[in-house]
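Below: the structure, in structure tokens.
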Amino acid sequence: MNVSFVAIICYLLGISAVVGLNAVILVWLERKVAGHMQFRYGPMEVGPHGLLQTLADGIKLVSKQLVIPDKADKPLFLLAPVVSLVPIFAAMMPLPLSESVQAWELNIGLLFIIALGLLNTLGILLAGWGSNNKYALLGGSRAVAQILAYKIPLLISVMTIIMMSGSYSLRDIVLAQNHGWYVLYQPLLFIVYITAITLETNRSPFDFSEAESELVAGFHTEYSGMGFSLFFLAEYSYMFIAAALASILFLGGWQGPWLPGPVWSLIKIYGIIFLLMWFRWTFPRLRIDQMLSLGWKILLPITLVNFLVTAGVLAL
Amino acid sequence: MMDCCHIREVVQGFFSLLVGMRVTMGNMFVKPHTVQWPRETAPLPPGFRGHIMMLPDEITRYPKCIACTACARNCPSQCITVTGRKPAGAKKKLADCFVLDFTKCSLCGICVESCPVGALDFSRDYALAAYSKDDFNRMNLLEDLVSPF
Amino acid sequence: MQVNNPLQQALNSVGIEYRPTEFPNIGLHCSLVLERNQLEPLALSLSRAGFFIETVTAVDKVQDGIFECVYFFNHYDEALRLLIRIPIPRSHPVQSSIGKIFPGAVWHERETAEMFGIKFEGCPDTRNFLLPEDADFHPLRKDFSGVL
Amino acid sequence: MKEQAPTYTLEQIDEENFALNLGPQHPGTHGVLRVILHMDGEYILYADPILGYGHRMQEKVAENMTYLQVLPYVCRMDYLGALSYNLAWVCAVEKLCEFEVPDRASVVRVIATELNRISSHLLWWGAYLLDLGAFTPFLQAFTDRELILDLLEYITGSRLTYCYFRFGGLPSDVDDVFLTGVRDFIEGFRGRLKNYHDLVTGNVIFYHRSADVGVILPFDAAGYGLSGPVLRGSGFAYDVRRHEPYSGYDRFDFEIPVEETGDCMARYNVRMAEIEQSMNIIEQALNTIPDGPIRSKVPKIIKPPEGEVTMAVETPRGELVIYIVSDGTKKPYRVKYRVPSFSNLSIFAKLARGQLLADALAVLGSFDLVIPEVDR
């Protein structure tokens, strides 16, 4: 780890820029995708085709008062969005966009990102508990209930990939796909993985912790202004990380003909994000117990069987 | 056997999701139905019921209203106030004050139908906006017409 | 009329004569004026015959000094709208509840109770319903002026 | 009034449980309905609906108005099926005063009311899916609903709270533009309805959210006085249009869709089938629409004879009964609206018991409630 202090600062600044820009683009993209799937245009007023709408919204949110409920647990209430957002800066460090564009080549990068991803749930739980609101509490408890249901299939599918590539390093995993992307070998696992990251990023059809027709706004019911926008930022950044992992694990990361590596990476990442948006604007929400049985009764057996079969094939 | 059914169910369920995704993807290639107001406007139908207005007589440009108060009496919301006088030398009464409280009006059109001389009609004015309520709770409908008084 | 009319059977079983009315004119198949104590057995027999409760309401006949409790029943298989009127004195407005027989009647009775000030004895829930919780006026009475 | 708490037993309620105030401002309750839920985690132990936030005392209002003046007010109760209410009131007064209605007017009334029914069901379809967490169906339904609103606006002049029918007929005739517009709409909509089924009906998530949720047993239906699609989902083929035909519904050939299971899925299927039946009715009406006058001679001031009248109409939500007592003056002596949503909602407390919160909202959505109608 011969990364100098200055380099870390530079990378953090770069990551902040990626986080901010990514959120601006994704919010705009989400609204455009939603609009066009629903016979609407989406934002059109601020900037060409509403490109600057997110910026305008961001300025509005920042300038708003942060209302703290009287009976809320103030430290937790204020800490929750921060707990949600901060791990993202760390989690983005080991993500390679190409062979050379990577903040920190970490030999256990995959585990590092997955471990930090759990902190998002902690943020949601803190928000739900600290708000002292029944809807928020239900949202927070739902987020915790769903962790196990998706983390175990997720981890097993990641383990399968690790077994195939023989490395925890994201860079090595991509390089191991020189002869063929893993999605070609493991299409079923790819579907499971996409389902799991939909769950992980709390997006419809699994947006239990903020189910707006049931829990008003779930864990962020009481948040306004900056607190709310931090959660928003965190949500879209987690989407970016999850999609980047999916592209690295299954779609060969930056590999692709003609175009340079980072472009391929971004195309794949945003392709997967578009898929997640497509899910969101198509499906109704599951019920919480149905999600649990989906996780335990469908995803887990698939990944386990797949794991054993892969192990057997590799051993031969 | 149970497991076989279970797997088939899962696979069928998965394909039903793809069918739904096809529909939303298809939607993306349909031209949006939004009308970008105010740059575009939707056509107003011929029978559009805006707030009521006074019709002038074709020749004299005086209001046709004869101040019979049929509209005011039939109005379910009591939002019309009308008074009339007889100008010197005229046979009929003419309205000298016709005030509509548009904040109460439910746009049912009973006043227009009950008018015996056809002095009332719906305007096609739909983009109503004002800074205060006063602009609408005392709308003087005789304003634009030539007064006989 | 048919003999196997469920309404006829239900009425006969509690000893009430079935007299159909002219349906197209007033929209009813049968209209009865009953005593207060006749209601509960009739409701039970109507329930057994498969009738459903349409509504419970009242009419304030202020000149006669009575409230008329009005019950509407109908049948799902054939249209047999039955209207039951029960006059109760305005000075002592008490009526027995059929909420135990038709659970849906509870809401109608609560509404009637607060609107007319009729007390439904045995109604499982007597809180105010559509009016504010603390309202103690009865707006549908004819002598209610709207001024408190 | 003396207050007495409900005598239901809440044996499971202890300090582990909590009360959740659902509404009156909640995205899942479609209006100002408030339900106090006593919950154990996500499970509902006991639900207590509290009404009256939109109460306007419609019945007293009607007592203080002439028969004509009540007309625009009835439509304000059910803003989604306003023409059914409009029709109920004019039919009731016509029955009371024995006015004639010309054939053409009756048929146009049927066309307009059925269009209104389709638009109401479409809105329900979108809103129900919104309750289940899907957003696109809502706007998918709205794009088609807009077309209906355009058609109805063309004849009635307004888009939501229509006040189109008059005693003895209609205020204005319909022209060919409207009739061909309706024909075109039905033709196009039949094709688009397939997309609706692809997007939602076959969807496995939707199926699991709706099937076996909120089952209404046939026994309960009569006890709670259910009607409309909520009832027909439980196996009763009761439809006022068939049982007590009004406005010439007996001339049309249509089926009453019935499902046996009584769950949310059954109510969904009934409504989807009803949209198709309504289209059949409209098509028949378009083919048989006679020429002739649209309004019979009716006195300017309506003064019905002393007496009373009961008029039942099938609104998109169920059976509406209007009961008018006339004392021979210009104003009704007593008006009672028996509204379908009121009775349909009354079974909710029973169904919600022991359900998950998400299911309870699905049940609420499947009832297709219009709260101003419940509150009147």
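Volume per residue of the convex hull around the Cα atoms, evaluated for chain B, comes out as 217 Å³.
Take every DSSP beta bridge whose two residues both sit in chain C; close to 75 percent of them are antiparallel.
Given a cut-off of 27 Å, name the pairs among B:86/B:133; B:133/D:300; B:93/D:300 whose C-alpha atoms lie farther apart than that in the structure shown. Violating the 27 Å limit, Cα to Cα: B:86/B:133; B:133/D:300. Per residue, the convex hull spanned by the Cα atoms of region D:175-311 amounts to 162 cubic angstrom.
Its Cα centre serving as origin, the protein assembly as shown has a Cβ charge dipole (Lys and Arg +1, Asp and Glu -1) of approximately 1700 debye.
Among D:282, D:111, D:256, the residue with the largest mean-square fluctuation in a Gaussian network model of chain D, with springs joining Cα atoms closer than 10 Å, is D:256.
Over chain C, what number does the Rg to Rh ratio reach, with both radii from the alpha-carbon atoms and Rh per Kirkwood? Rounded to two decimals, Rg/Rh equals 0.99.
Pairs D:297/D:331; A:134/A:297; C:100/C:142: which are spaced more than 28 Å apart, C-alpha to C-alpha? From D:297/D:331; A:134/A:297; C:100/C:142, over 28 Å: A:134/A:297; C:100/C:142. The alpha-carbon of residue A:74 sits under 17 angstrom from the alpha-carbons of these aspartates and glutamates, leaving out residues fewer than 8 places away in its chain: A:222.
Axis angle, to the nearest 10 degrees, between helix B:2-28 and the longest C-alpha principal axis of chain B: 40 degrees.
Within the listed set D:19, D:105, D:82, the Gaussian network model of chain D (springs between alpha-carbon atoms below 10 Å) gives the highest mean-square fluctuation for D:19. Considering only Cα atoms, the convex hull volume of chain D works out to 136 Å³ per residue. Rounded to whole Å, the principal axis extents of the Cα atoms in chain A read 63, 45, 44, largest first. Estimated from the Cβ-Cβ distance and a Förster radius of 41 angstrom, the FRET efficiency linking residue B:31 and residue B:51 is about 0.75. The protein assembly as shown has equivalent-ellipsoid semi-axes of 58, 35, 27 Å, by the square roots of 5 times the alpha carbon gyration tensor eigenvalues, sorted largest first. The alpha-carbon of residue A:268 sits under 29 angstrom from the alpha-carbons of these lysines, leaving out residues fewer than 8 places away in its chain: A:32, A:151, B:31. Once the C-beta distance of residue C:48 and residue C:145 is scaled by a Förster radius of 51 Å, the resulting FRET efficiency is 0.70 to the nearest 0.05. Taking every Cα-Cα distance in region D:80-160 and sorting them into 10 Å bins from zero, the calculated P(r) comes out as 18, 41, 26, 12, 4 percent. Under 14 Å of direct C-alpha separation, and excluding same-chain neighbours fewer than eight residues apart, residue D:60 reaches these aspartates and glutamates: C:60, C:111, C:114, C:143, D:375.
Sequentially through region A:192-207, phi angles give Karplus couplings (6.51, -1.76, 1.60; θ = phi - 60°) of 4, 5, 4, 4, 5, 6, 4, 5, 5, 8, 6, 10, 3, x, 10, 7 Hz, Gly and Pro residues having no value and appearing as x.
Of A:120, A:80, A:104, which is farthest along the charge dipole of region A:1-132 in the positive direction, counting Lys and Arg as +1 and Asp and Glu as -1 at C-beta? My answer, from the dipole projection, is A:80.
Only the coordinates and a few stated rules stand behind these numbers; no lab work does. Only a predicted model underlies this, so the values are computations on that prediction, with no experimental measurement involved. Virtual Cβ from ideal backbone geometry, glycine too; neighbours counted across all protein chains shown.
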